[in-house]
Amino acid sequence: MSDAPAATASGHVSDDEEITPGYIAPAKKSVEEIAELDKDDEALVKYKQALLGDAVGQTGAPLQVSVLKMTFMSEGREDIELDLAGDLSKLKESSVVIKEGCEYQLNFSFHVAGEIVSGLRFQQNISRKGIPASKLNLMLGSFGPRDANHEFKTPLDEAPKGALCRGKYHAKCKFIDDDKTVHLAWEWTFKIQSDW
């Protein structure tokens with residue numbers, strides 16, 4: 001395992017970036033082009049309106065993905081929200097406490113404006129004392145622009161358990177799309193402990 005390439009918000013990464021195995025990015029189309037396709041198919045037009053909502057007819061704006069928050073959810077404790085729209089340096093300063101062996105999910109809240117974001121992925125590299133511990137490359141999907149925020153919940157996962165797993169971890173995360181545009185990159189820390 002290796003750390004993710006360095007990138008900043010709205011930056012690009014190198015061509016050797018890991019992608020989801022077997023995934024082929026679709027041809028890029030604007031909201032307007034999609035709205036114009038199959039205009040005679042009433043059911044398809046209604047379906048596209050349901051997906052794209054107010055975005056149809058609002059062309060010309062560039063794609064903008066704003067990742068707002070990440071929420072750590074585990075049964076038996078209150079949700080922990082990490083503000084991803086504020087000062088990201090604060091996320092490295094204070095560690096989130098995670099009980100060993102607990103089942104958890106992450107929920108992301110983000111906003112898409114302008115155009116459709118294709119192949120949005122969440123990538124996370126976790127290390128402990130500088131040694132790689134785990135890596136995640138999760139496909140979220142493609143999302144159209146709309147007034148309301150999008151939500152995505154990760155599959156249920158289990159925190160490591162046992163005396164050797166307890167301690168402080170460092171995570172490097174980013175949201176990246178098919179065009180290899182990094183919409184947000186941040187780091188956070190957490191501690192695996194025997195109890196909350």
(request) Go through region 130-169 and count every residue that is more than 15 Å from L68 (Cβ to Cβ) and more than 17 Å from the chain's Cα centre (by Cα). (result) 16
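In region 60-76, which residue that is outside any strand (DSSP E or B) and touching a residue at least 12 places away in the same chain (Cβ under 8 Å) is farthest from the chain's Cα centre (by Cα)?
G76
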(request) Can you confirm whether region 178-186 contains a residue that is surrounded by 13 or more Cβ atoms within 10 Å (Cβ to Cβ) and under 28 Å from G76 (Cβ atoms)? (result) yes
(request) Sort out which residues of region 158-189 are on the phi > 0 side of the Ramachandran plot and assigned to a strand (DSSP E or B), and write them in order of number. (result) G167
(message) Only one of I126, I192 is in contact with a helix residue (DSSP H, G or I) (Cβ under 6 Å, 6 or more places away or on another chain), within 22 Å of K92 (Cβ to Cβ) and assigned to a strand (DSSP E or B). Can you tell me which?
(response) I192
(message) Here's a check for you: in region 77-130, which residue that is polar (S, T, N, Q), surrounded by fewer than 16 Cβ atoms within 10 Å (Cβ to Cβ) and without any contact (Cβ under 8 Å) to a residue 60 or more places away in the chain is nearest to F143 (Cα to Cα)?
(response) N107
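Bear in mind these aren't lab numbers, they're just calculated from the coordinates by the rules spelled out. Being a predicted model, the structure only gives us computed values, none of them experimental. A quick note on method: Cβ atoms are made from the backbone with ideal geometry, for glycine too, and the neighbour counts reach across all protein chains shown.
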